[in-house]
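Read the figures in this text as sums done on the coordinates, not as results from a lab. These numbers come from a predicted model, not from an experiment. All Cβ positions, even for glycine, are placed from backbone atoms using ideal geometry, and neighbour counts span all protein chains on display.
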Amino acid sequence: MKILALESERADVKSEDFTPHLTAEATAVWKLYQAGIFRELYFHQDKNCAVIVLECEDAHEAGEILNTLPLVKEGLITFDIIPLIPYPGFSRIFGG
């Protein structure tokens with residue numbers, strides 16, 4: 001199942017709080033990408049927010065995986081997890 005994960009930074013966190021953890025975060029993200037779990041990775045153009053497309057069994061598994069990230073473990077970020085399904089609207093024009 002495709003899962004969309006949108007990062008949110010805690011409001012009380014300063015940018016320098018992230019610095020000691022960024023190499024570990026990049027390493028963890030790279031391993032998940034290489035494993036085929038993180039399929040696409042982006043940053044929002046207008047704000048410091050990661051957007052990740054994961055391939056997981058369900059939203060629960062996606063949450064467990066995201067909770068292994070160093071920035072999540074440190075309590076610096078959280079994720080909104082959105083399970084995705086294919087667009088069903090084409091059946092209106094192609095039938096069935």
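Tabulated values for the structure
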quantity: ARG39 being touching a residue at least 24 places away in the same chain (Cβ under 8 Å) and among the basic types (Lys, Arg); calculated: yes
quantity: Of residues in segment 1-49 being hydroxyl-bearing (Ser, Thr, Tyr) and over 13 Å from the mean Cα position of the chain (by Cα), the one farthest from ILE65 (Cα to Cα); calculated: SER15
